[in-house]
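Have a look at this one before I ask anything.
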Amino acid sequence: MPMPRLPKWAIYLIFFTLLLGAFYFFLFRGTDAWKKKMAVISYVKPFAFTTQEQLPFTDRDLMGKVTVVEYFFTTCKGICPKMNKNMREVYDAFQQENDFQILAHTCDPETDSVPRLKRYSDSMGINPRKWFMVTGRKDSLYQMARASYLLDDPKNSVDKIEDQFIHTQFFALVDREGKVRGQIYDGLKKDEVAKLKKDIAELLAETSGNRFVNGIFNSNP
C-alpha cells in the first residue's frame, strides 16, 4: 500500500524548519553559545582596600577584567615565595592582555603597610597596575577570602579576628562580571597552575571579539 503524500503546507513547514535550524547553526557556530562554560562557584561581595600605590581598589575594579586572586604576606618564608614564583609565570603569560590582572591580598595587614607592599612589589619588578597588592581591615580581608573567593574555611571565622591567621596556598579565578569561576587552584602544584592558565585564556576569549560569527549583527565595519 503506497504511503500518502504529505500536503504542501507540511512540506513547506519541514523545509522552513530545516532552513531556520541551518541559519541558527551558522549564526552561533564558534561562539560562546555552543560552548560548555566553566562553572560559577561563588560571587564577589563588595569590598574596598588600598593598593601598594596608595590607591583605592574596590569590587568595581574587577568589572571588565579577568582576575586571579591570592593571599600572601611579605614576611612569609614558607609557601608564599613558591606561590608567587608560580604566580609570576601566570603574570608573564598574560601581562600584555588589557583585560587581565592579579589581586594579591595581605594576610597580615598589621605588618604589611602600604609602603611595605610597595617595596615588596618593586622588588619583584612587576607592574603595580597589573599585579595589585592590597591591604585593609583584617576582618574585611579575611571575610573576602572566605565568603567570596572560597580560599579559606568560613568555620575559621568563629574565633576572635586578632587570633586568626589565614595561610593559604590557593588561587581563585574571577571573570569580567565578578563571578568566581572554574575551581580553586593549588598555587604550589604545577599542573593546577597550568590548568589556571588554560582557564584564564578561556575566560579572556569568552566575551571578547564579536558576539556573532563573521560579524553578523555587528555595527563595526
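The values are calculated or read from the model by the stated rules, or taken from the named source; none is laboratory data. Please read all numbers here as calculations on a predicted model, not as lab measurements. FYI the Cβ positions are ideal-geometry reconstructions off the backbone, even for glycines, and counts take in every protein chain you see.
Could you list all residues from the range 151-177 that are crowded, with 17+ Cβ neighbours inside 10 Å, in a loop (DSSP other than H, G, I, E, B) and of a type outside the set (D, E, K, R)?
Leu151, Ile166, Thr168, Gln169 - these are the residues of the range 151-177 that are crowded, with 17+ Cβ neighbours inside 10 Å, in a loop (DSSP other than H, G, I, E, B) and of a type outside the set (D, E, K, R).
Looking at the range 133-145, which of its residues are free of Cβ contacts under 8 Å to residues at least 40 places away in the same chain, more than 18 Å from Ile102 (Cα to Cα) and in a helix (DSSP H, G or I)? Walk me through it before giving the result.
Narrowing the range 133-145 to residues free of Cβ contacts under 8 Å to residues at least 40 places away in the same chain: 137-139, 142.
Remaining after also requiring more than 18 Å from Ile102 (Cα to Cα): 137-139.
Residues satisfying the conditions are Lys138, Asp139.
Answer yes if at least one residue in the range 171-188 is of a type in the set (D, E, K, R), at pLDDT 90 or above and over 10 Å from the mean Cα position of the chain (by Cα), and no otherwise.
yes
Could you list, ordered by first residue, the pairs with Cβ atoms under 6 Å in which the first is in the range 46-75 and small (Gly, Ala, Ser) and the second is modelled with pLDDT of 95 or more, at least 6 apart or interchain?
Ala48/Thr58; Gly64/Arg176
State whether the residues of the range 111-132 include one that is touching a residue at least 24 places away in the same chain (Cβ under 8 Å), touching a Cys at 6+ places or on another chain (Cβ under 8 Å) and surrounded by 17 or more Cβ atoms within 10 Å (Cβ to Cβ).
No - not one qualifying residue is present in the range 111-132.
Follow-up. For the condition touching a Pro at 6+ places or on another chain (Cβ under 9 Å) and closer than 30 Å to Lys37 by Cβ, what is the one hit in Ala172, Ala147? If you could, list the steps in order and put the result at the bottom.
Numbers: Ala172 fails: touching a Pro at 6+ places or on another chain (Cβ under 9 Å).
Of Ala172, Ala147, the one residue that is touching a Pro at 6+ places or on another chain (Cβ under 9 Å) and closer than 30 Å to Lys37 by Cβ is Ala147.
Would you please name the residue that is surrounded by the most Cβ atoms within 10 Å (Cβ to Cβ), looking only at residues in the range 78-104 that are without any contact (Cβ under 8 Å) to a residue 24 or more places away in the chain and either among the polar types (S, T, N, Q) or assigned to a strand (DSSP E or B) (or both)?
Once the filter is applied, the top-ranked residue is Asn98.
Here is a list of conditions, (1) of a type in the set (Val, Ile, Thr); (2) in a helix (DSSP H, G or I); (3) more than 26 Å from Met38 (Cβ to Cβ), and Thr111 meets all of them except one; can you say which number that is?
(2)
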